Amino acid sequence: MAVIANRYGRALADVSFTAGQHERVEKELLQIEELLSRERELRLFLTNPAIGVLRKKAAGREILHQLGFSTLTSNFVFILIDRHRISYFAEIRRAYQQAANQRLGVVEAHVTTAAEVDRQVQTKLESRLGQMTGKKVVLKFEIDRELIGGVITRIGDTIYDGSVRQQLNTIKARLSSD
């Protein structure tokens, strides 16, 4: 499914950047994703193959109109309904975000810590990762209480493990090899 999500996400990024609406589309996609995850009945309605596409589009048109969504985002949702891809909305939204970030020179860094990190440390980490990648870095934090301390950072497929657990494993490996 990643191939399909990437195809739709990149196509929407192309159109939204050309139209100069990428920020608005990003916000609207997040709102739709939240709505679909929160409203189970709506999600089931839109993904049910027994319900006709015209009924789904009519309901979608009413909802999107009431929420004041752009024509661009609305048309994209209608395409997903037409092609029976609405069930992959979250994956497509993430693919859109990646394509948009790539165009903007932004990289997401997923940071795992043992406890909450104060704003000053976040700023230093953001700055250091920006220097390492040469891009603007957006940090996404997660807390893992099983970490003893330190930080594990994932940027794309690269993992920087600065956790105390990793440091202890490195020391253990050095001691065992001597």
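What to note about this one:
- Added length on full extension, which subtracts the Cα-Cα distance from 0.36 nm per residue, Q21 to Q131: 36.7 nm
- Entries of K27/K140; K27/K57; K27/K56; K57/K140; K27/K136 with Cα pairs more than 24 Å apart: K57/K140
- Averaged per residue, region 1-126 has 59 square angstrom of accessible surface, using a 1.4 angstrom probe with ligands and nucleic acids left out.
- Portion, in percent, of the accessible area of the chain that falls on carbon or sulfur, probe 1.4 Å: 51
- Note on surface exposure: V107, V151 rank V151, V107 by accessible area, highest first, 1.4 Å probe.
- Modelled spin labels at D157 and Q122, positioned 7 Å past Cα toward Cβ, are 3.0 nm from each other.
- Accessible area of T133 in the full protein assembly, 1.4 Å probe (Å², nearest 10): 50
- Cα gyration tensor category, rounded, prolate or oblate, for the chain with a/c compared to 1.5: prolate
- Once the Cα atoms are used to define both axes, helix 2-18 deviates from the longest principal axis of the chain by about 70 degrees.
- The HN-Hα couplings worked out from phi for region 77-91 by the Karplus form 6.51 cos²θ - 1.76 cosθ + 1.60 (θ = phi - 60°) are 4, 5, 4, 4, 5, 4, 9, 6, 10, 4, 5, 9, 4, 4, 5 Hz, whole numbers, x standing for Gly and Pro.
- The distance between label points at V164 and E108 comes to 3.0 nm (points 7 Å beyond Cα on the Cα→Cβ vector).
- Think of the chain as having a plus end and a minus end, set by charges on the Cβ of Lys, Arg, Asp and Glu; of G149, N169, Y88, Y88 sits farthest toward the positive end of this dipole.
The values are calculated or read from the model by the stated rules, or taken from the named source; none is laboratory data. Everything quoted here is computed from the prediction, not taken from an experiment. Every residue, glycine among them, receives a Cβ derived from its backbone with ideal geometry; neighbour counts consider all protein chains shown. Each accessible area value is taken on the protein alone, full model and side chains, heavy atoms only, with ligands, DNA and RNA left out. Shrake-Rupley method; radii C 1.70, N 1.55, O 1.52, S 1.80 Å.
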